[in-house]
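First comes the structure, then the notes that go with it.
Taken together, the values in this text are just the output of simple stated rules run on the coordinates, not laboratory data. It should be emphasised that the depicted structure is a prediction, and the values quoted were computed from it without experimental measurement. Reconstructed Cβ throughout: ideal geometry from the backbone, glycine too, with neighbour counts over all protein chains shown.
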Amino acid sequence: MLDEFIHEPRVAYFSMEIALRNEIPTYSGGLGVLAGDTLRAAADVSLPLVAVSLVSRAGYFRQEIDIQGRQVEHPSPWDPARFAQPLDAKIAVPIEGRAVWMSAWLYVHEGQLGGRQPVLLLDTDLDENRHDDRELTHYLYGGDETYRFKQEVVLGIGGVRLLQALGFRIRQYHMNEGHSALLGLELLRRYRYPAEDLRPGELPYDIPRVRELCNFTTHTPVEAGHDRFSYALVQRVLGNVVDVEMTKRLAVAADVKRSRLTTDESFVDLATFKHLAGEDSLNMTRLALNLSEYVNGVAKRHAETSKTMFPGYQVHAVTNGVHPFTWTSDAFRRLYDRYVPSWCHEPELLTRAECCIPDAAIWEAHLQAKQALIDRVRALTSVNLHPKVPILGFARRMTAYKRPDLLFADMERLKAIAQQRSFQVVLAGKAHPRDDGGKRLIEQLHAYARALEGVVPVVYLPDYDMDNARSLVGGADIWLNTPLRPLEASGTSGMKAAFNGVPSLSVLDGWWMEGCIEGVTGWAIGNAAGANDGDARALYDKLEQVVLPLYYGYTNEPGGWIKVMKGAISKNASYFNSHRMMRRYATEAYTR
């Protein structure tokens with residue numbers, strides 16, 4: 001079963017969530033979708049990877065919108081036996097003084113270009129474990145702080161142990177966000193200097209070796225977004241793994257020191273742990289930073305923000321990308337297959353779109369993708385959108401900093417624009433079950449839709465998932481993104497839209513700082529240094545004076561809209577793709 005994957009060294013890619021396919025709800029949003037695109041791109045470019053995540057057999061949640069526009073969460077369980085194979089190996093991790101056993105399911109991603117990549121979905125639902133331990137891998141981001149920390153023990157420490165038990169040879173570890181940073185503790189336990197080589201008081205950890213093995217991608221540009229745990233919780237859960245007395249014992253005679261190094265479950269003394277992870281509390285991001293030789297942000301601006309947040313660390317910038325085949329509509333796949341052969345493997349060839357694809361062919365492909373979205377909207381909401389009226393698409397996690405309500409900040413101005421040149425709006429996105437503010441935003445968006453009835457058609461697609469996302473980025477005419485600066489680490493929805501010739505109308509933050517060529521690939525809302533409170537007016541001005549007139553042809557530039565569509569493809573899709581991202585990781589991060 002594993003023979004085809006363990007014959008060569010691999011990069012172990014750790015992520016708390018991963019979007020493997022629409023039927024497997026082991027992801028909550030952008031972080032998981034990026035992890036899935038990373039896996040898919042690695043298969044396409046023949047980069048040997050093994051992904052490690054949790055089975056999350058209870059899923060995230062299925063979203064229902066009630067008649068008042070309120071989000072209602074329903075369970076979304078899945079059966080791993082339908083898509084994956086159980087593996088025989090079992091290992092244990094120390095939790096609260098007991099051994100918690102875990103195994104894994106093997107899911108094999110099969111790429112459209114023939115590549116195959118293994119995914120280990122860690123599972124503690126075993127007969128050997130007591131009831132609460134069996135549920136540690138059930139709920140994605142579920143439970144309280146203790147549950148969350150135990151999950152991160154399972155992912156980081158357990159994941160490394162299981163890879164070894166299964167016979168994988170790992171040449172690099174890649175942490176996708178800080179959730180898996182405890183893998184560094186397991187590596188410190190594994191890589192120690194021989195006891196006889198140590199001088200009294202000298203610590204045994206081969207930290208340079210561990211750093212050489214580890215890479216870390218940080219995604220969160222705000223301090224509050226990084227996982228933190230009290231050391232009281234850490235010691236309660238991990239017990240002697242983080243040892244308060246170890247420093248004292250290391251400082252005495254060599255025979256005591258030698259005996260200490262043979263105690264298998266002890267990882268690191270508390271003083272060293274605090275030095276690596278933070279004095280006041282365990283900061284998973286800081287632990288990952290200190291134990292990784294290569295660190296990167298997910299856009300150029302995000303890397304700069306991360307350097308400010310964590311001074312003294314070298315943070316590279318590898319801007320995110322999206323998987324070409326996954327996020328391109330059927331109509332545009334056929335178009336590219338005809339005019340840009342090999343685009344799936346070499347998406348940089350899409351730079352030829354401006355000169356090699358006829359305008360009429362671009363527009364026909366878009367109309368097909370737009371009709372597919374209109375059909376999906378009708379099926380899910382019973383609302384009939386008009387194929388000749390432009391659609392503004394907005395879909396992402398519903399939370400305050402994404403500002404999904406910015407478009408509706410001045411309802412009278414919005415109505416006036418629509419009465420001059422009509423447009424339609426399609427929204428989608430889930431709020432985290434514990435994000436009451438995000439839930440209120442969803443309810444408010446539905447109130448806005450009711451208030452605009454008869455003037456601006458506004459529909460909200462429930463249960464946002466990969467299938468709905470693909471329809472939206474394929475069928476919208478304009479992709480809207482309105483985050484508070486500088487809180488958008490990267491964002492990838494606009495990249496997906498670009499593969500379908502859909503230009504972005506976006507605040508200058510995240511990837512759009514690099515992707516926006518005004519009037520060529522789309523349009524900026526405000527400017528990079530502008531105040532956030534001026535964005536609503538800037539959005540209305542750009543929509544009224546530039547975007548809608550160009551769409552309806554009220555400009556002096558014949559074919560101007562399709563020219564921007566081609567710009568989005570040739571300049572954004574050709575660059576902001578997961579193949580370029582993975583080739584950069586391969587040449588810059590995985591070469592040690």
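Some observations on this one:
- Span-like helix check, the chain: qualifying full DSSP H segments, with Cα axial length of 20 Å or more and mean Kyte-Doolittle of -1.0 or more, are 30-44, 359-381, 436-451.
- Over all Cα atoms in the chain, the spread is summed up by Rg and Dmax: 25.1, 86 Å.
- Placing dummy labels 7 Å off each Cα toward the beta-carbon, the span from residue 169 to residue 22 is 4.0 nm.
- ³J(HN,Hα), Karplus 6.51/-1.76/1.60, whole Hz, each residue of the range 214-220, x for Gly, Pro: 10, 10, 9, 10, 9, 10, 9
- Efficiency of FRET between residue 132 and residue 422 - r from beta-carbon atoms, R0 56 angstrom, step 0.05: 0.50
- Ordering 458, 559, 149 by Cα displacement along the dipole of the chain toward the positive end leaves 559 in first place; charges were set at the Cβ atoms of Lys, Arg (+1) and Asp, Glu (-1).
- Longest site-free stretch - the chain; sites: GluC sites (Glu not before Pro), DSSP loop, at most 10 other Cβ within 10 Å: 5-278
- Qualifying trypsin sites (Lys or Arg not before Pro) in the range 421-477, DSSP loop, other Cβ atoms within 10 Å at most 16: 421, 434
- Overall, the range 488-592 carries a charge dipole of about 620 debye about its Cα centre when +1 sits on the Cβ of Lys and Arg and -1 on the Cβ of Asp and Glu, all other atoms neutral.
- Net lengthening on full extension, residue 68/residue 313 (0.36 nm per residue, minus Cα-Cα): 83.4 nm
- Scattering curve values for the range 118-190, log₁₀ I(q)/I(0), Debye with Cα scatterers, q = 0.14 Å⁻¹: -0.46
- Sequence-distant residues sharing a close amide H with residue 525 (under 5 Å, placed H): 506, 507, 508
- Charge-dipole axis of the chain as Lys and Arg at +1 and Asp and Glu at -1 on Cβ define it, positive-most pick from 548, 353, 575: 353
- Label-point separation in nm, residue 436 to residue 583, each point 7 Å along Cα→Cβ: 5.0
- Dipole magnitude of the range 324-577, debye to nearest 20 (Cβ charges: Lys/Arg +1, Asp/Glu -1, about Cα centre): 320
- Only the Cβ atoms of Lys and Arg (+1) and of Asp and Glu (-1) were treated as charged; on that basis the dipole of the chain about its Cα centre amounts to roughly 720 debye.
- A Förster radius of 22 Å combined with the Cβ-Cβ distance from residue 552 to residue 384 puts the calculated FRET efficiency at roughly 0.60.
- At an R0 of 45 angstrom, the distance between the Cβ atoms of residue 147 and residue 356 translates into a FRET efficiency of 0.25.
- Label sites at residue 279 and residue 591, each approximated as a point 7 angstrom past Cα along Cα to Cβ, lie 3.8 nm apart.
- Taking 14 Å as the cut-off, the amide N atoms of the range 34-75 that come nearer than this to a point 7 Å along the Cα-to-beta-carbon line of residue 345 belong to 43-47.
- For the range 1-180, with +1 on Lys and Arg beta carbons and -1 on Asp and Glu, the positive-most of 85, 139, 28 along the dipole: 85
- Mean ellipticity per residue at 222 nm, deg cm²/dmol - from DSSP H runs of n ≥ 4 across the chain, formula -39500 (n - 2.57): -9500 deg cm²/dmol
- For the range 324-577: rounded, prolate or oblate by the Cα gyration tensor [a/c cutoff 1.5]: rounded
- Cross-link pairs 307/402; 388/415; 388/439; 402/542 - those with Cα-Cα distance over 21 Å: 307/402; 388/439
- Rounded D (µm²/s) - the range 9-150, Kirkwood Rh over Cα pairs, Stokes-Einstein at 20 °C, 1.002 mPa s: 133
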